[in-house]
1. If every alpha-carbon in segment 44-166 counts as one equal scatterer, what log10 I(q)/I(0) does Debye give at q = 0.16, 0.18, 0.19 1/Å?
2. According to a simple spin-label model (label point 7 Å from Cα along Cα-to-Cβ), what is the distance in nm between residue 118 and residue 209?
3. Which order, highest average first, do 147-154, 110-117, 163-170 follow once you tally other Cβ atoms within 10 Å for each residue and take the mean per peptide?
4. What does the helix-only formula give at 222 nm for the chain: each DSSP H stretch with n ≥ 4 adding -39500 (n - 2.57), the total divided by the residues, and the result rounded to the nearest 500 deg cm²/dmol?
5. What is the angle, in °, between the Cα long axis of helix 3-13 and the longest principal axis of the Cα atoms in the chain? Nearest 10 is fine, range 0 to 90.
6. Starting from the Kirkwood radius over alpha-carbon pairs of segment 106-221, derive D by Stokes-Einstein at 4 °C in a medium of 1.567 mPa s and give it in µm² s⁻¹.
7. Just grab the label-to-label distance for residue 138 and residue 54, each label 7 Å out from Cα along the Cβ direction, in nm (one decimal).
8. Round to the nearest 0.05 the FRET efficiency obtained for residue 30 and residue 182 when R0 = 22 Å and r is the Cβ-Cβ distance.
């Protein structure tokens with residue numbers, strides 16, 4: 001019996017375990033020969049019987065129900081996208097909490113977009129000025145920093161959390177966004193090339209005031225298709 005199978009059997013036999021969640025590549029169907037199993041074990045409280053552990057074959061994270069309900073760690077949230085609930089002894093609550101982690105509520109969309117769109121504009125504007133002034137190397141660094149802000153903005157505008165880079169293709173193949181937002185283009189093109197498209201989308205979703213908070217974006221519009 002593998003370590004994963006032993007974990008499942010132990011959790012099934014323990015009434016103190018209220019939820020079991022499979023995450024990562026095994027849940028998303030992208031596992032390779034070196035992939036491990038990533039499992040969240042949900043308990044009412046930490047009592048020492050279940051502990052978080054990391055091994056080459058099995059990563060086990062132990063959470064309380066309250067910790068599973070906490071969506072404040074935005075980077076951790078994509079772990080629940082495509083996750084499989086293996087055990088739910090709370091009448092569907094575990095599944096609901098997993099869904100809440102993997103998607104954005106309307107209030108979260110507003111907060112995320114406003115923050116991330118402003119950050120994206122900041123970095124692509126800095127990159128544009130560096131290119132204008134003949135500092136292509138510095139512009140490249142700002143382009144690199146603009147990437148995460150672009151992805152957070154784009155996915156938040158669609159009520160979704162940003163995928164990890166490893167799963168960007170999986171995300172957009174399984175849950176595509178409207179054209180022109182394809183994985184291949186997002187990977188291949190620099191963040192500044194998306195300014196016009198992102199501005200158009202942001203204005204259509206009611207976030208034009210964020211863009212208009214910047215004095216002069218003609219430098220960006222002149223180079224963005």
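Each value in this text was obtained by applying a stated rule to the coordinates, not by laboratory testing. Bear in mind that the values here come from a model prediction, so they are computed numbers and not experimental data. Cβ sites come from the backbone with ideal geometry, for glycine too, and all protein chains shown count toward neighbours.
1. -0.87, -0.98, -1.04
2. Each label point lies 7 Å from its Cα, and together they span 1.2 nm.
3. 147-154, 110-117, 163-170
4. -14500 deg cm²/dmol, from helical runs alone.
5. With both axes taken from Cα atoms, the answer is about 60 degrees.
6. Values: Rh = 14.4 Å.
So the translational diffusion coefficient is about 90 µm²/s.
7. Distance between label points: 3.7 nm.
8. It comes out at approximately 0.75.
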